[in-house]
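J.: Sharing a structure here in structure tokens format.
Quick note: the coordinates plus some simple rules give every number you see, no bench work behind them. Quantities reported herein were computed from a predicted structural model and do not represent experimental measurements. So basically every Cβ, Gly included, is an ideal-geometry build from the backbone, and we count neighbours across all protein chains shown.
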Amino acid sequence: MYRQTLHIVIATLLVVSAAACKPRQPKVTTTPDPATTTKPVETVRAEPKPLPPPPTTPPPVKVEEAPVVRPPEDAVASSALDDLNRSGLLKPAFFPVDSHELDDQGRMIVSANAEVLKKYATWMITVEGHADERGTAEYNLALGDKRANAAKTYLVSLGVSPDRLKVISYGKEFPFDPGHDESAWSKNRRAHFVITAK
């Protein structure tokens, strides 16, 4: 019996030692790949968002009114008619003897007058035609009329409205210079510009 027990003990020890000598498999743990791992979808019940409060009207902003700044008044525009006509703002155009044709100097003067008239677009003008003392009264009245109309026509060609222009001839009745020589006569053969209304 002793022998039999010994055999059982030896056999048990062999089995235990064989089991102990058997190589162990390493334990492998894997980390799941986040790209391939699907998470369970959680169902979340959305809470209703509260409605925004109704818009309120902001209080009115008090705006300080800026003082009205007016440009300085044009001294020319505010002048009296007599002062304007005495100022020489509109220059006379002079003509050669027995002619109603504007020469270069005359056209230059009428052009300058046209610029003034465009600036003061409400002014009404009378173009007076004048002659020197030589010749008959009838001849000088006709020549004065032609000179006044020549100046008017040139003003209109430069853009001045014909509605603003009136013509009159005084012939030799109102000379600039009362002398009786060419120096005086050259000043009297003219188209004279008079501002009659603003």
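J.: Which pairs, out of Lys152/Lys172; Lys166/Lys198; Lys91/Lys166; Lys172/Lys198; Lys91/Lys119; Lys119/Lys146, put more than 18 Å between their alpha-carbon atoms? Before the final figure, lay out the partial values.
T.: Numbers: Lys152/Lys172 20 Å; Lys166/Lys198 14 Å; Lys91/Lys166 16 Å; Lys172/Lys198 28 Å; Lys91/Lys119 15 Å; Lys119/Lys146 27 Å.
Those over the limit are Lys152/Lys172; Lys172/Lys198; Lys119/Lys146.
J.: Moving on to the next point. Given the Cα atoms of region 71-110, and with Rh set as the inverse mean 1/r over their pairs in the Kirkwood sense, what is Rg to Rh to two decimals? Don't skip to the answer; put the middle values down first.
T.: Numbers: Rg = 14.7 Å, Rh = 12.4 Å.
Reported Rg/Rh, Kirkwood definition of Rh: 1.19.
J.: Taking every DSSP beta bridge with both residues inside region 124-198, roughly what % is antiparallel (nearest 5)?
T.: Values: 6 of 12 bridges.
Taking every DSSP beta bridge within region 124-198, about 50 percent pair in antiparallel fashion.
J.: Okay, moving on. Among 124-133, 179-188, how do they line up by average Cβ neighbours within 10 Å per residue, starting with the highest? Provide the component values of the computation, followed by the final result.
T.: Numbers: 124-133: 22.5, 179-188: 14.1.
In descending order of packing, they fall as 124-133, 179-188.
J.: Which of rounded, prolate or oblate describes region 81-197 when judged by the alpha-carbon gyration tensor and an a/c cut-off of 1.5? Walk me through the numbers on the way to the answer.
T.: Details: a/c = 1.80, a/b = 1.63, b/c = 1.11.
The shape class here is prolate.
J.: Efficiency by 1/(1 + (r/R0)^6): what FRET value for Arg86 and Ala197, r their Cβ-Cβ distance, R0 = 25 Å, to the nearest 0.05?
T.: Working: r = 17 Å, r/R0 = 0.66.
Here the calculated transfer efficiency is 0.90.
J.: Order by neighbour count: Val76, Val116, Val160, fewest other Cβ atoms within 10 Å first, most last. Could you put the intermediate results ahead of the total?
T.: Working: Val76 14, Val116 17, Val160 22.
With the fewest neighbours first, Val76, Val116, Val160 line up as Val76, Val116, Val160.
J.: Still on this structure, I have one more. Can you classify region 94-147 as rounded, prolate or oblate using the Cα gyration tensor, where a ≥ b ≥ c are the square roots of its eigenvalues, rounded means a/c under 1.5, and otherwise it's prolate if a/b beats b/c and oblate if not? Each step should come with its number before you reach the end.
T.: Details: a/c = 4.03, a/b = 1.83, b/c = 2.20.
Oblate.
J.: On to the next question. As an exercise, identify the chymotrypsin sites (Phe, Trp or Tyr not before Pro) in region 81-180 lying in DSSP coil whose Cβ has no more than 13 other Cβ atoms within 10 Å. Present the calculation step by step, with values, prior to reporting the outcome.
T.: Working: sites: Phe94, Tyr120, Trp123, Tyr139, Tyr154, Tyr170, Phe176; in loops: Tyr120, Trp123, Phe176.
Of the chymotrypsin sites (Phe, Trp or Tyr not before Pro), not one in the loops of region 81-180 has a Cβ with at most 13 other Cβ atoms within 10 Å.
J.: Another question about this same structure. Ser161 label point, 7 Å along Cα→Cβ, cut-off 16 Å on backbone N: hits in region 179-198?
T.: Those under the cut-off are 196-198.
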